[in-house]
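Novice: Questions regarding the structure given below will be posed in turn.
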């Protein structure tokens, strides 16, 4: 078992009480209550090491001129006349990749990532690459990979890069944080380098383009990437901006809540790589003078399990089968954290029979590089416990997860009054506010982000060192899968991280699976969770129960076909586990 040194930090204002809290193992006991302030006094100074808190300027978000949409972020522009790649642009290179002396990956620990089990399914076998230099990348693309700070391929990258290079359709079952965005972006863009002039649609010359003078064009992307949330769309777009650097491929992003006019203007300057949320993509597909998918060569459905619901069924059907694209010329990529029946049916309908399938571990099993601490907290003391926890550690970029929009507002107000530099984000905020919160969080202006799980799907910030579950997810809204997704916001791509979760008696429904999740990565099991430790079970045979609607065991259980996960060769969708074998 791991040590318990992170379990119950006390307030930095009362270091002498740390041992009391440590011995108690809980927040809310008589011992700890004695250390809490009783006079309702508030801190008047920002705790040492944190930046000064700044308030929102809500009036700015109501003015068109007061906000620059993330979809308008600068992309590489070239004159398009000579050669297959453009010259270096030092100023843009710094904007995309950071200052030259600050691009190293110091502190990244790839040992855990390298040990994650990857399973190949199906008759096709892919020989993995060991380094990016082995992947047959164009020198300019390899340089982009290096500029982006990628040194060692993650398991999903080791197999996706050669599979896409060889022309296979791909199914990747991997959670966020496994490096899957680069796993499909790098090989797809690399395949298109040098072919842009032949395959891409005509476009205005961006070097001489004058707004209102030059004629706009219809966007005819070669690559379409569909994802469920606005924040994830922006995140993928920012990665595409990096990997499209110096190529002749122009990325664009469209998503709901932002100005249609601005996004339409970006599309009509030309678009080769389009990242989109489903609703906004269908909106533009219904405007054939603005967008057509007839030239599409690669279609990626990212986080498919989040979109395979009745709410988005019609949009996804339109995207996959609508438009004028020639299906025989399209390579499909389907990425999903789980692989429910709806995802299998989607793959059966659109992917080639010779597609390849990769399954990267179990979501929770990849979190061994995250120190998980479960802290018992009396519900009435959660706010005080939160400030004690935050101020007991060195200042670091932190995400605080809550279960409701109201709680997000309350916690944001509380921390701000405690002089903490924080911001919050939830689905009732308009898109300007959401983008401003994310921008401030990334820049360090507001290094503490309070958010609901709904708006956190696109948070991929490498230096998030601490995740706090102020509320543990309920079993009716995500359960243990939501928990593993949340804590995966830290410990990204091999980094180490800390995840602290407040637990009370009302969280008892999640306790059995939470305990097994801790056991799986040899975490400390606190005393109040000991009754949920199954007898005769070790980390190797935990037998996580399947979600009855998921179509896939969470880790070794039975799926809804009646077969053991990874061995369902006789299913009605063509033997999804046939030939399954773990890859060392």
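Only the coordinates and a few stated rules stand behind these numbers; no lab work does. None of these values were measured; they are calculated from a predicted model. Note that we place each Cβ from the backbone using ideal geometry, even for glycine, and neighbour counts take in every protein chain shown.
Novice: Can you order the peptides 121-133, 238-250, 388-400 by their average number of other Cβ atoms within 10 Å per residue, highest first?
Specialist: 238-250, 388-400, 121-133
Novice: Further question: Going by C-beta contacts inside 10 Å, put 461, 94, 213 in order with the fewest on the left.
Specialist: Ascending number of Cβ neighbours within 10 Å: 213, 94, 461.
Novice: Taking 2.2 N^0.38 Å as the expected size of a compact globular protein, what ratio does the Cα radius of gyration of the stretch 263-415 give against it, to two decimals?
Specialist: 1.47
Novice: Hey, what's the Cα Rg ratio for the stretch 162-243 versus the globular rule of thumb, 2.2 N^0.38 Å?
Specialist: Working it through for the stretch 162-243, the quotient is 1.33.
Novice: Still on this model: Find the all-direction average of the projected area of the Cα convex hull for the stretch 265-304, expressing the result in square nanometres with one decimal place.
Specialist: Its average projected convex-hull area is 3.1 nm².
Novice: What distance in nm separates the two pseudo spin-label positions at residue 353 and residue 528, each 7 Å out from Cα along the beta-carbon direction?
Specialist: About 5.7 nm, to one decimal.
Novice: Now for a different question. Using label points projected 7 Å from each Cα along Cα→Cβ, tell me how many nm separate residue 477 and residue 345, to one decimal.
Specialist: My value for the distance between the label points is 2.7 nm.
Novice: Could you give the alpha-carbon Rg of the stretch 197-301 over 2.2 N^0.38 Å, rounded to two decimals?
Specialist: Against the compact-globule rule of thumb, the ratio is 0.99.
Novice: Let me ask another. Among 209, 339, which comes first, second and so on when ranked by fewest other beta-carbon atoms within 10 Å?
Specialist: 209, 339
Novice: Then there's this: How large, in Å, is the stretch 415-484 by the Kirkwood hydrodynamic radius built from its alpha-carbon pairs?
Specialist: 13.1
Novice: At each listed q (0.17, 0.18, 0.22, 0.27 Å⁻¹), what is the log10 of I(q)/I(0) that the Debye formula gives for the stretch 379-446 modelled as equal alpha-carbon point scatterers?
Specialist: -0.63, -0.71, -1.04, -1.43
Novice: So, by mean Cβ neighbours within 10 angstrom, what's the order for 147-158, 226-237, 286-297 with the highest one leading?
Specialist: 226-237, 147-158, 286-297
Novice: Sticking with this structure for a sec: Shape call for the stretch 135-193 from the C-alpha gyration tensor, a ≥ b ≥ c root eigenvalues: rounded (a/c under 1.5), prolate (a/b greater than b/c) or oblate?
Specialist: Oblate.
Novice: Report the semi-axes of the equivalent ellipsoid for the stretch 407-453 in whole Å, largest first, where each axis is √(5λ) for an eigenvalue λ of the Cα gyration tensor.
Specialist: Rounded to whole Å, the semi-axes are 16, 14, 7.
Novice: Let me ask you something else. Once you have the Cα-Cα distance between residue 146 and residue 195, take 0.36 nm times their residue separation minus that, and quote the gain in nm to one decimal.
Specialist: My answer for the length gained is 15.4 nm.
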